1. Could you tell me which residue out of V111, S33, Q84 lies farthest along the dipole of segment 21-190 toward its positive end? Charges go on the beta carbon: Lys and Arg +1, Asp and Glu -1, centred on the Cα centre.
2. How many nm separate the modelled label positions at R186 and A169, each set 7 Å beyond the Cα in the direction of the Cβ?
3. Taking 0.36 nm per residue of sequence separation and subtracting the Cα-Cα distance, how much length would be gained by fully extending the chain between F46 and E147, in nm to one decimal?
4. In whole Hz, what ³J(HN,Hα) sequence does segment 145-156 give by Karplus (6.51, -1.76, 1.60; θ = phi - 60°), x for Gly and Pro?
5. Can you compute the charge dipole magnitude of segment 21-190 about its Cα centre, using +1 on each Lys and Arg Cβ and -1 on each Asp and Glu Cβ, nothing else charged? Give it in debye, rounded to the nearest 20.
6. What is segment 120-201 by shape, rounded, prolate or oblate, if you read a ≥ b ≥ c off the alpha carbon gyration tensor as root eigenvalues and call it rounded for a/c under 1.5, prolate for a/b larger than b/c, and oblate otherwise?
7. So for segment 1-50, what percent of the C-alpha to C-alpha distances run longer than 19 Å?
8. When the helix-only estimate is applied to the chain (DSSP H runs of n ≥ 4, each -39,500 (n - 2.57), divided by the residue count), what is the mean residue ellipticity at 222 nm, nearest 500 deg cm²/dmol?
Amino acid sequence: MDSKISEEVQSHRVPDHEIDPLFLNRWSPRAFSNESIDDATLNRVFEAARWAPSSMNEQPWRFVIARTPQDRERFVEFLMPGNQAWAKNAPVLIVVVTKKTFTSRDMANPVAAFDAGCAWGFLALAAVQNGLITHGMAGFDRDKARETLGLPEDFDSVAVIALGKHGDAANLPPELREREKPSGRRPLSETVMEGGFKVTA
């Protein structure tokens, strides 16, 4: 586990309150090394996601992964062109899939995506603990992903995640190199509202 804020992050992120460096060290690079990820490391990352909380313990998330060159090529095809340019280098691509209805009751699960988002958060932090990076993507063709993955009607794809080791930003398209740095966040005072909602910047 990272015990200090990385040098790369220090110049871009300053917390308002004391937190574990793990949370600051997680950001979303686009420069991936094509070095493969071993099974043990990958399983540790997914094991962390497995223990995320969910309504009725439904665990509505599923992770469909591509690791072979052939599978990665199929997954890259349903990404938007802007994401294809860099995500094609990631050794692991993960489609986050949610089950739209409760298994334990005959009704829609209105918090399936919320719960899947929590599992993705656990996965992203576990990746940092294991020396990996992640980048979540909303830019993909959901209909094409459904067809490619053979998703049943009761399941939806909600995001695609690139996972691997950090690579050289020089290998990114020129327009992305400048963006290859940790982003900041708005002040906590604009996010936490006591007693009622307030419109903030």
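Just so it is clear, none of the values below were taken in a lab; they were calculated from the coordinates. Predicted model only: the values in this text are computed from it and were never measured. Glycine also receives a Cβ, built like all others from the backbone with ideal geometry; neighbour counts cover every protein chain displayed.
1. Sorting the options by dipole projection puts first S33.
2. 2.6
3. Numbers: separation 101, 0.36 × 101 = 36.36 nm, distance 2.44 nm.
Difference between extended and current length: 33.9 nm.
4. 5, 4, 5, 5, 8, x, 6, x, 4, 7, 10, 10
5. Values: 21 positive and 21 negative charges, 74 e Å.
Using Cβ point charges on Lys, Arg, Asp and Glu, segment 21-190 gives about 360 debye.
6. On the way: a/c = 1.86, a/b = 1.16, b/c = 1.60.
Oblate is the answer for segment 120-201, as a/c is 1.5 or above yet b/c matches or exceeds a/b.
7. Working: 544 of 1225 pairs.
The answer is 44 percent, as a whole percent.
8. Details: 8 runs with 66 residues, N = 201.
Computed ellipticity for the chain at 222 nm equals -9000 deg cm²/dmol.
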